[in-house]
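Below is one structure, written out as structure tokens; comments come after it.
Just so it is clear, none of the values below were taken in a lab; they were calculated from the coordinates. The structure displayed is predicted, hence computed values, not measured ones. Positions of Cβ are generated from backbone atoms using ideal geometry, with glycine treated the same way; all protein chains shown enter the neighbour counts.
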Amino acid sequence: MMELLERAVRERLLRPLDLQFARMIAPDDCPLFDLFRNSQRLMEIKAQDVTQEQHHRVGAARALLQLTAAYLSAETGAGHICLPITGLQPQHLFDGRQSDLAQALWKAAGEPSTQQWRETLQDSFSVSDGSQPTPLVLQHDRLYLQRMWQNEGDVARFIVNGNANNERVDEILLQNILEQLFGTNGDEVDWQKVAAAATLTRRISIISGGPGTGKTTTVAKLLTALVRLNGEQRVRIQLVAPTGKAAVRLTESLGKAWQQLALNESEHKLFPNQAFTLHSLLGVQPNRQRLRYHSGNPLNLDVLVVDEASMVDLPMMAKLIAALPTHARVIFLGDRDQLASVEAGAVFGDICRFVESGYSVFRAEQLARVTGYPLEQLNNPHDMSKRKTLTTGLTEVSDGLCLLRKSYRFDKKSGIGQLAQAVNAGAYLEALSVLNGNYTDVERFVLANMIDYQQLLQVSVAGYQPYLKLVAQGADAAEILTAFNHYQLLCALRAGSFGVKGLNPLIEQVLQRNGLIQRTQGLSGRWYAGRPVMIERNDSALGLSNGDVGIALYDAHGHLRVHFQLPNGTIKSVQPNRLPSHGTAYAMTIHKSQGSEFEHTALVLPDYFSPIITRELLYTGITRARQQLTLYTSDSVLSRAINTPTLRHSGLVDRLCLATLAKPNSAIPLDVVSA
Ligand SMILES: Nc1ncnc2c1ncn2[C@@H]1O[C@H](COP(=O)(O)OP(=O)(O)OP(=O)(O)O)[C@@H](O)[C@H]1O
């Protein structure tokens, strides 16, 4: 088995880390009795009274354990929380790539049925049901790394039990304050008002909405309402986002939204004027594993707003939850349809699946009293389309959820909005008719040959020209950074001629040829005035985060320094040779663009399909565009992307159900089905 796994590493189907993990869980030189519990099967071996078949089965048990450990480690690295063992077949290994090797591995592992697999795992000293500190946990046929299993349980318990100490709210006062801030909208339900009411009457809430649905506007209003509700009593509010860029945007957009609310001077002072990144909020310390804030040293706050929550992975979510003081109110904001976090899990998306359960009667009545909307409109389950796939009656989770449905940025005339909707719904033909229709804000090109490709480079150069002109004029760094954000080329892939690695150097060449940048010969030619770079690793000492974009500009002494906008709005400049790992950023991946928006987004898909190009990736890329979208793709790649929804294995939905059932007085109907 180990030789086959080594081959899988050479073929880049597994990482060296996965192989190491398999060696640790089931070393080849370890006696079988040290690997497996003293089962009947092994007793028979001990008695040295074994048939050939028994011998083979026990040998295969070690091999199966090795394969399982390596594959679980690889799957966790690929973003899954667990490995479901039910129905797993060799053709599922490695996404169907290298089927010969997959078959050989399967054979070496004894071609197990699910039952045999389950028994082998249950026999192993490395596996428990979670009640022992084993490296692996098997629960409901899902195999986890211990840490992931713990994290998932922590998140589920927090979401379900965190509302136990809800404060009592003066509903009449709240009703009046919401009336002042949101007004009355006639008969049409204003979901922003409902979201504010829901958030202010519960400790933990989740607001999901697509682009321009008013998440920021709602948060600005609901925090204002919270401050007014608390009167003299000061509320400590903190804002946080997963990346530096998202924190900058949250600072800016909330600042603007508060300006529009005509608050008085003393109210203004109560709001934070800066959002933090999650890493800086939690106190990541250079060269130290331990965060400054944790359950033993909780954060000093009363209210936390977490923006772009879909980007928060499971381990980070667990760390955040652990660091919250027990009384803290938390509001998670995000778009459930966007890409899941880069690292493991799809926490936000998994929790938002409960939206279809609708509000409990008690909750709907409360929201109706506070907002003034008719009960039946509020308790109309939000999203019936996915109802089949999940549960009914799990209102413990759904009572904390709010969906914003109306986009104030993209109306019916907006091609970007229509395209995003079609992609989200998996409707390829609709998407195509938007792209072929008469919308002025969306255009599509097929990159069929070198001429088309050259055209893409020329258009990109034209897109970057305005900010480079500002660089040449010696404009200030803030103005240049804002101008750079106007146009952005996004790629689905990193590698290849359609990926950032292929496009960035070619764009630089064309910019140089057009006299828009001046590079010197040799190595130092990597740096020039106007070079945009993206940071690829957090550097807490420098205060820079993975994904931050800076631009190189000459200082007064004629030295190049790279200028970044920090979450508090100030500009920081750093010597190029002090930067952590970074790369040129004319083209960036869609993953890295999460949390940012650009007036004009150009989105490049390769001319072949890759399983990385999912529906969520496409949706996320499209919704980075505020005013104009240029999409480079063929019909066939577009169709495959739209029809490839992301799949992240996790047990969070089931564990939210279980945590709900474990609550005293739980009145959940038993039609809960596994998703
Ligand atoms: N109820 C409303 N009525 C009219 N305009 C609104 C309303 N809510 C929001 N808007 C406007 O819609 C635009 C988008 O709002 P906002 O920035 O709050 O949305 P968002 O969901 O945070 O957007 P995104 O995250 O995509 O940037 C803003 O210009 C805002 O002023």
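Quick notes on this one:
- When restricted to Cα atoms, the stretch 415-643 yields an Rg and a Dmax of 17.8, 57 Å, respectively.
- Neighbour counts of other Cβ atoms within 10 Å put Tyr608, Tyr464, Tyr428 in the fewest-to-most order Tyr608, Tyr428, Tyr464.
- Percent of C-alpha pairs per 10 Å bin, the stretch 209-272, short to long: 19, 54, 24, 3
- In order along the stretch 17-25, phi translates into HN-Hα couplings of 4, 5, 5, 4, 5, 4, 5, 6, 6 Hz, rounded to whole numbers, per the Karplus curve 6.51 cos²θ - 1.76 cosθ + 1.60 with θ = phi - 60° and x for Gly and Pro.
- Gyration tensor (alpha-carbon) shape descriptor, the stretch 153-404, a/c threshold 1.5: oblate
- Summed over qualifying helices (DSSP H, 4 residues or more, each -39500 (n - 2.57)) and divided by its residue number, the chain shows a 222 nm mean residue ellipticity of -12500 deg cm²/dmol.
- Antiparallel content of DSSP bridges confined to the chain, in %, to 5: 40 percent
- The label point for Ser266 and the one for Phe445, both projected 7 Å from the Cα toward the Cβ, are 5.9 nm apart.
- With only Cα atoms counted, the stretch 438-528 has Rg and Dmax values of 14.6, 48 Å.
- Theoretical FRET efficiency, 1/(1+(r/R0)^6), r = Cβ-Cβ of Ala425 and Arg12, R0 51 Å, to 0.05: 0.90
- Per-peptide packing, taken as the mean over residues of other Cβ atoms within 10 Å, places 198-205, 617-624, 130-137 in the sequence 617-624, 198-205, 130-137 from highest down.
- Checking the Cα-Cα distances for Lys469/Lys592; Lys215/Lys572; Lys245/Lys572; Lys256/Lys592 against a 19 Å cut-off, the pairs over it are Lys469/Lys592; Lys215/Lys572; Lys256/Lys592.
- Along its principal axes, the chain has C-alpha extents of 86, 71, 51 angstrom, given from the largest down.
- Extended-chain gain in nm, criterion 0.36 nm per residue less alpha-carbon gap, Ser639 and Ser131: 178.3 nm
- Residues of type aspartates and glutamates that Lys193 reaches as a straight line, Cα spacing below 13 Å, ignoring anything fewer than 8 places off in the same chain: Glu179
- Mean-position separation - Cα centroids, the stretch 495-552 and the stretch 322-363, in angstrom: 36 Å
- Neighbour counts of C-beta atoms inside 10 Å place Trp149, Trp258 in the sequence Trp258, Trp149, starting with the fewest.
- For the stretch 59-72, putting each phi into the Karplus relation 6.51 cos²θ - 1.76 cosθ + 1.60 with θ = phi - 60° gives couplings of x, 5, 4, 4, 4, 5, 5, 5, 4, 4, 4, 5, 6, 4 Hz, in residue order, rounded to whole numbers and with x for Gly and Pro.
- Difference of contour (0.36 nm per residue) and Cα-Cα distance, Gln465 to Ala164: 102.8 nm
- Whole-Hz couplings from phi, Karplus 6.51/-1.76/1.60, listed for the stretch 590-600; x for Gly and Pro: 4, 3, 6, 7, 4, x, 10, 9, 9, 4, 10
- For the stretch 228-284, the list of trypsin sites (Lys or Arg not before Pro) that fall in a loop by DSSP and count at most 14 other C-beta atoms within 10 angstrom reads Arg234, Arg236.
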